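The values are calculated or read from the model by the stated rules, or taken from the named source; none is laboratory data. Quick caveat, the model's predicted, so the values are computed rather than measured. Neighbour counts run over all protein chains shown; Cβ positions are idealised from the backbone, glycine included.
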Amino acid sequence: MSKILVIGAGGVGSVAVHKMAMNPDIFSQISLASRTKSKCDAIAASVKDRTGVDIDTYGLDADDVPATTALLNQIKPSLVVNLALPYQDLNIMDACLAACVHYMDTANYEPLDVAKFEYHWQWAYQDRYKHAGLSALLGSGFDPGVTSVFTTYLKKHHFDRIDTLDILDCNGGDHGQAFATNFNPEINIREVTAVARHWENGAWVETPAMSVKQSFDFEAVGPKNMYLMYHEEIESLKTHLPEIKRIRFWMTFGDAYITHLNVLQAVGMTRIDPVMYEGKEIVPLQFLKAVLPEPASLGPTTKGKTNIGCIATGVGKDGKEKTLYIYNICDHEDAYAETGNQAVSYTTGVPAMIGAAMLVTGKWSGSGVWNIEQFDPDPFMDMLNLHGLPWQVKELDGPLQF
Ligand code: NDP
């Protein structure tokens, strides 16, 4: 029985709050705060409608540390679940320290002015969280999040040693729009246009953004082109599972998405440095976000499935080389029917609820800053099966041929 404060009333926050309300034995009181209070109120109304649970709502600029601290002192939650944007991570971590509240998020800190997805800013809080006797759980979404838990589950139950890991993120959904992103457009485009980096034999290998492409046949979706990208869990996995010699991350994109993105990039609309426009500084990518569809608005029209998982090759518990594929398939329309949000928000919001459940029930505990792969995967994996993201493990004939 725990009081929770969720910060961020976007698609992910909406799913997490709905799923928490469906588990009143774990989450006894839920509060939701975000920059725009009316968005919190709309989510609260949907939660009341679907579950009968009341949640209280607050307008909050989470970059204002004293204001966030004051709200924490007023509500006195046991945990803050940060589902705002990566830019807010450090400010919310500071407020949690000031008010002595545990912390959790789904995406690592990024400075506004440079697209750098690195953990060092948040890992630097290690001593402060330890000394305060507080836990900070980083990256409890799907990727990062479930994909890291999938990896530790494979390691715990199937492998003596993992040599290579490929994380495959496929969204086979169609939202019917010419161009839209399934989560925050600014974060999504910063991620996609960043230089691709993977980990190989103890070093980072860099390739130009979207320059390495492979086709892969995804169950329940079909063949799709996927592109090598940098993703933040590579950094934490190579740190906590140093035996893995190669870690790569792949994401699928349709040809129309790539064409639009290329044009937007070519004309400068994905720039994150300010430009002067009619006497005022604007950041082109932030302006682009303002004219693109809100991810939360794509729910009613999105059809199809996501298939996200990990392929690991290594030495099995039986001493033989093996390749295992562990994945979840999620249906956009089912996700929308249950929570009013499409599957990309659903596959992030459900693990956010589960990570919060791990902390408030004490299944995962310990002072300090933790990445999700540092905890026992089993109770998290059980909850995935029970709360809408069932997974399966399949043995492949051999390692990937690329
Ligand atoms: P949205 O943009 O839909 O929602 C973000 C919400 O945060 C908005 O309601 C926004 O308010 C609010 N917000 C922004 N700035 C502040 C602030 N300073 N103070 C308070 N609230 C603020 O994003 P998503 O729901 O799609 O994503 C949420 C988070 O989840 C992001 O960090 C994203 O990177 C992460 N994510 C993680 C994934 C994973 O698998 N690990 C996958 C997908 C997303 P307003 O509406 O007023 O702007």
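Scanning for something within 13 Å of the ligand (Cβ to nearest atom), crowded, with 20+ Cβ neighbours inside 10 Å and free of Cβ contacts under 8 Å to residues at least 40 places away in the same chain, does the range 107-122 turn up at least one residue? Within the range 107-122, one or more residues are within 13 Å of the ligand (Cβ to nearest atom), crowded, with 20+ Cβ neighbours inside 10 Å and free of Cβ contacts under 8 Å to residues at least 40 places away in the same chain. Of the numbered conditions (1) assigned to a strand (DSSP E or B); (2) free of Cβ contacts under 8 Å to residues at least 24 places away in the same chain, LYS3 fails exactly one; give the number of that condition. The single condition LYS3 does not satisfy is (2).
Screening PRO274 with (1) closer than 22 Å to VAL212 by Cβ; (2) more than 24 Å from the chain's Cα centre (by Cα) gives one miss only, at (1).
Screening ILE234 against (1) assigned to a strand (DSSP E or B); (2) under 19 Å from ILE162 (Cα atoms); (3) among the β-branched types (Val, Ile, Thr) leaves a single unmet condition, (1).
Quick one: which of GLU243, GLU235 is out of contact with any Pro (no Cβ under 7 Å at 6 or more places or on another chain) and either within 16 Å of the ligand (Cβ to nearest atom) or among the β-branched types (Val, Ile, Thr) (or both)? Steps first, answer last, please.
Values: GLU243 fails: either within 16 Å of the ligand (Cβ to nearest atom) or among the β-branched types (Val, Ile, Thr) (or both).
Of GLU243, GLU235, the one residue that is out of contact with any Pro (no Cβ under 7 Å at 6 or more places or on another chain) and either within 16 Å of the ligand (Cβ to nearest atom) or among the β-branched types (Val, Ile, Thr) (or both) is GLU235.
The residue that is nearest to the ligand (Cβ to nearest atom), counting only those in the range 340-373 that are over 18 Å from TRP391 (Cβ atoms) and in contact with a Lys or Arg (Cβ under 7 Å, 6 or more places away or on another chain), is GLY368.
Is it true that ALA180 is aliphatic (A, V, I, L, M), within 16 Å of the ligand (Cβ to nearest atom) and closer than 22 Å to VAL12 by Cα? Steps first, please.
Working: aliphatic (A, V, I, L, M): yes; within 16 Å of the ligand (Cβ to nearest atom): yes; closer than 22 Å to VAL12 by Cα: yes.
Yes; evaluated as a whole, the condition is true for this residue.
Using the structure shown, decide if ASP378 is acidic (Asp, Glu), within 22 Å of SER2 (Cβ to Cβ) and touching a residue at least 24 places away in the same chain (Cβ under 8 Å). So ASP378 passes the test.
If you go through the range 62-79 and pick out every residue that is touching a strand residue (DSSP E or B) at 6+ places or on another chain (Cβ under 9 Å), among the aliphatic types (A, V, I, L, M) and either assigned to a strand (DSSP E or B) or away from the ligand (no atom under 11 Å from the Cβ) (or both), you end up with 3.
For residues in the range 182-204 being at pLDDT 95 or above and aromatic (Phe, Trp, Tyr), which is surrounded by the most Cβ atoms within 10 Å (Cβ to Cβ)?
Here is the first cut: in the range 182-204, the ones at pLDDT 95 or above are 196-204.
Still in the running and aromatic (Phe, Trp, Tyr): 199, 204.
Numbers: TRP199: 21, TRP204: 13.
The extreme case among them is TRP199.
Residues are listed down the side, and each one gets a yes or a no for (1) small (Gly, Ala, Ser); (2) closer than 28 Å to ASN188 by Cα; (3) crowded, with 21+ Cβ neighbours inside 10 Å; (4) modelled with pLDDT of 95 or more:
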| site | (1), (2), (3), (4) |
| --- | --- |
| PRO293 | no, yes, no, no |
| ILE308 | no, yes, yes, yes |
| GLY316 | yes, no, no, yes |
| THR323 | no, no, no, yes |
| TYR336 | no, yes, no, yes |
| THR347 | no, yes, yes, yes |
| VAL350 | no, yes, yes, yes |
| PHE375 | no, yes, yes, yes |
| HIS387 | no, yes, no, yes |
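Determine if the range 259-273 includes at least one residue that is within 25 Å of ASP331 (Cβ to Cβ), in contact (Cβ under 8 Å) with a residue 40 or more places away in the chain and surrounded by 14 or more Cβ atoms within 10 Å (Cβ to Cβ). Full working, then the answer.
Of the residues in the range 259-273, the ones within 25 Å of ASP331 (Cβ to Cβ) are none.
No, the range 259-273 contains no residue that is within 25 Å of ASP331 (Cβ to Cβ), in contact (Cβ under 8 Å) with a residue 40 or more places away in the chain and surrounded by 14 or more Cβ atoms within 10 Å (Cβ to Cβ).
Do you know which residues across the range 3-43 are among the basic types (Lys, Arg), away from the ligand (no atom under 12 Å from the Cβ) and under 23 Å from THR69 (Cα atoms)?
Of everything in the range 3-43, just one residue is among the basic types (Lys, Arg), away from the ligand (no atom under 12 Å from the Cβ) and under 23 Å from THR69 (Cα atoms), namely LYS3.
Consider the range 138-161 and keep the residues that are crowded, with 24+ Cβ neighbours inside 10 Å and of a type in the set (A, V, I, L, M, F, W, C). The one that is nearest to the ligand (Cβ to nearest atom) is PHE142.
Test ASP217 against the stated conditions and say whether it is loosely packed, with under 15 Cβ neighbours inside 10 Å, acidic (Asp, Glu), closer than 30 Å to HIS158 by Cβ and under 24 Å from the mean Cα position of the chain (by Cα). Talk me through it step by step, then tell me what you get.
Details: loosely packed, with under 15 Cβ neighbours inside 10 Å: yes; acidic (Asp, Glu): yes; closer than 30 Å to HIS158 by Cβ: yes; under 24 Å from the mean Cα position of the chain (by Cα): yes.
So ASP217 passes the test.
Restricting attention to the range 295-351, the residues that are among the β-branched types (Val, Ile, Thr) and not in a helix (DSSP H, G or I) add up to 9.
Could you count how many residues in the range 199-220 are assigned to a strand (DSSP E or B) and polar (S, T, N, Q)? Lay out the reasoning, then the answer.
Filtering the range 199-220 down to residues assigned to a strand (DSSP E or B) leaves 199-200, 203-207, 213-218.
Add one more test, that the residue is polar (S, T, N, Q), and what stays is 207, 214-215.
Number of matching residues: 3.
Can you tell me which residues in the range 81-96 are among the aliphatic types (A, V, I, L, M) and either in contact with a Ser or Thr (Cβ under 9 Å, 6 or more places away or on another chain) or near the ligand (Cβ under 9 Å from one of its atoms) (or both)?
Of the range 81-96, the ones among the aliphatic types (A, V, I, L, M) are 81, 83-85, 90, 92-93, 95.
Matches in the range 81-96: VAL81, LEU83, ALA84, LEU85, ILE92, ALA95.
Considering the range 309-342, the residues that are in contact with a Leu (Cβ under 7 Å, 6 or more places away or on another chain) and among the aliphatic types (A, V, I, L, M) include one that is nearest to THR164 (Cα to Cα), namely ALA312.
Go through GLY304, GLY279 for me and flag whichever is on the phi > 0 side of the Ramachandran plot and in contact (Cβ under 8 Å) with a residue 40 or more places away in the chain.
Values: GLY279 fails: in contact (Cβ under 8 Å) with a residue 40 or more places away in the chain.
After ruling out the rest, the residue left standing is GLY304.
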